[in-house]
Amino acid sequence: MEENDEFLLTRPPRRPGQEPTSRLTREAYGRMRDELEGLRTTGRERMGERLLHAREFGDIRENAEYDAAKNEQGLMEARIRVLEHQLRDPEIMEAPAGDFVQAGTVVSLRPVDEDDPEVEEYLLAHSAEERAPGCRTVTSSSPLGSALLGRRVGERVTYDAPAGEFTYEVVSLKPYVS
């Protein structure tokens, strides 16, 4: 039994109407747990050393090194809080199988409006924390991700982005398996 399976067995059942704190694959869950553990231990130790070293430069009211270290510490602590929240009660997702695009699918897209279009691969995921080698991650709530949901091979997808309107053709799709 993997360590991640242990979490699934020890997690208390959700109450009716209780939503998971995030939706993650096993791989993302494990990677995020490792990152959280690293930030809580060595990350905080290194930050303490950096702050101690920065204080040696003199008055902290006029110490740019100390200000930079405090800002970095704040960012690190914010990341710890985000990870703690997402890992509190996640739903562990398996890669879906099917002939339409859904979260957990690797989608190959060809831009329609370009002269020499190259096929691009995207992982459609519930969370921006998901990663797939050689793919960009697109969340299901993003403009492209929401336009892709439910599409099939051969269909065209048009969506609005800050840089304008884009149209893609769905070339292929497959479930993401790590």
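Values in this text are rule-based calculations from the coordinates and carry no lab data. In this text, all values refer to a predicted model and were calculated from it rather than measured experimentally. All Cβ positions, glycine included, derive from the backbone under ideal geometry; neighbour counts span all protein chains shown.
Structure above, values below:
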quantity	calculated
Against the rule of thumb 2.2 N^0.38 Å, how large the Cα Rg of region 3-93 comes out	1.46
Angle in degrees between helix 44-55 and the longest Cα principal axis of the chain, rounded to the nearest 10	50 degrees
Over the chain: helical MRE at 222 nm, DSSP H runs n ≥ 4 each giving -39500 (n - 2.57), nearest 500	-11500 deg cm²/dmol
Evaluated at q = 0.16, 0.19 Å⁻¹: base-10 log I(q)/I(0), Debye formula over Cα of region 105-175	-0.50, -0.72
Sites matching trypsin sites (Lys or Arg not before Pro) across region 94-178 that sit in DSSP coil, with at most 14 neighbouring C-beta atoms within 10 Å	ARG152
Tail beyond 20 Å, pair distance distribution of the chain (Cα, percent)	64 percent
Highest-first arrangement of 97-106, 70-79, where packing means the average Cβ count within 10 Å	97-106, 70-79
Karplus (6.51, -1.76, 1.60) ³J(HN,Hα), θ = phi - 60°, over region 20-33, in Hz, Gly and Pro reported as x	x, 6, 6, 10, 9, 7, 4, 4, 5, 4, x, 5, 5, 4
Choice from THR42, THR21, THR139 with maximal GNM fluctuation in the chain (Cα, 10 Å cutoff)	THR42
Radius of gyration, Dmax [region 58-101; alpha carbons; angstrom]	20.0, 64
